[in-house]
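Peer 1: Mind looking over this structure? Questions follow.
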Amino acid sequence: MFLWVWVVGWSAFVLPLSIASLQGWAPKRVRSRTTSWGIRVRGVALLVMWLGGLIVPLGRWGGLVGGDAMFLLPVAEAGLLLFAAGLIAGSQLGDRFRRGAASAQARDQGIGEEP
């Protein structure tokens, strides 16, 4: 019973967010700080998280209940979740570097200086 609740709850929470992010939707606060490609990368990361959250329940339903499987399924799940975290961190760093380069370019051109 818990596996069904987990799969339905996880899918109902993460899947709509990932699809919306892939289409470029984000809250206004996030859109003001993030580029459109960064939002889409986070959508891919959410899809990877969704898949990672389904690894163990799908493995148990598939009959993988041996000792080796119960070791490898959580390892695969953790690997996917870490990969998703890396995607999110990479998009965050890309946005930070972009903002830093834009502010440095504006400083070099003298934009924003009082005469």
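The values are calculated or read from the model by the stated rules, or taken from the named source; none is laboratory data. Just so it is clear, the model here is predicted, and its values are computed rather than measured. These accessible areas exclude ligands, DNA and RNA; they are computed on the full protein's heavy atoms, side chains included. Shrake-Rupley method; radii C 1.70, N 1.55, O 1.52, S 1.80 Å.
Peer 1: Tell me, what is the percent relative contact order of the chain, built from C-alpha pairs under 8 Å that lie six or more residues apart?
Peer 2: Relative contact order, the chain: 26 percent.
Peer 1: Quick check on the chain: helices-only [θ] at 222 nm, where DSSP H runs of length 4 and up contribute -39,500 (n - 2.57) each and the sum goes over total residues. Nearest 500, please. Write out the running numbers ahead of the final one.
Peer 2: Details: 4 runs with 96 residues, N = 115.
Counting only the DSSP helices, I get -29500 deg cm²/dmol.
Peer 1: Report, to the nearest whole %, how much of the accessible area of the chain belongs to carbon and sulfur atoms, 1.4 Å probe, protein only. Please list the in-between numbers first.
Peer 2: Working: 5400 of 7740 Å².
Summing carbon and sulfur atoms, their accessible area is 70 percent of the total for the chain.
Peer 1: What accessible area per residue comes out for the chain, rounded to a whole number of Å², with a 1.4 Å probe?
Peer 2: Using a 1.4 Å probe on heavy atoms only, each residue of the chain averages 67 Å².
Peer 1: Can you work out the base-10 log of I(q)/I(0) for the chain at q = 0.18, 0.23 1/Å, using the Debye formula on its C-alpha atoms alone?
Peer 2: -0.94, -1.19
Peer 1: So, one more: Compute the long axis of helix 2-22 from its Cα atoms, compare it with the longest principal axis of the Cα atoms of the chain, and write down the angle in degrees, 0 to 90, nearest 10.
Peer 2: Tilt relative to the chain: about 20 degrees.
Peer 1: Show me, for the stretch 69-77, the HN-Hα J-couplings you get by feeding each phi into the Karplus relation (A = 6.51, B = -1.76, C = 1.60, θ = phi - 60°), rounded to Hz, glycine and proline as x.
Peer 2: Those phi angles translate into 5, 6, 8, 6, 5, x, 5, 5, 4 Hz.
Peer 1: On C-alpha positions alone, give me the angle between the axis of helix 36-61 and the longest principal axis of the chain, in degrees, nearest 10.
Peer 2: 10
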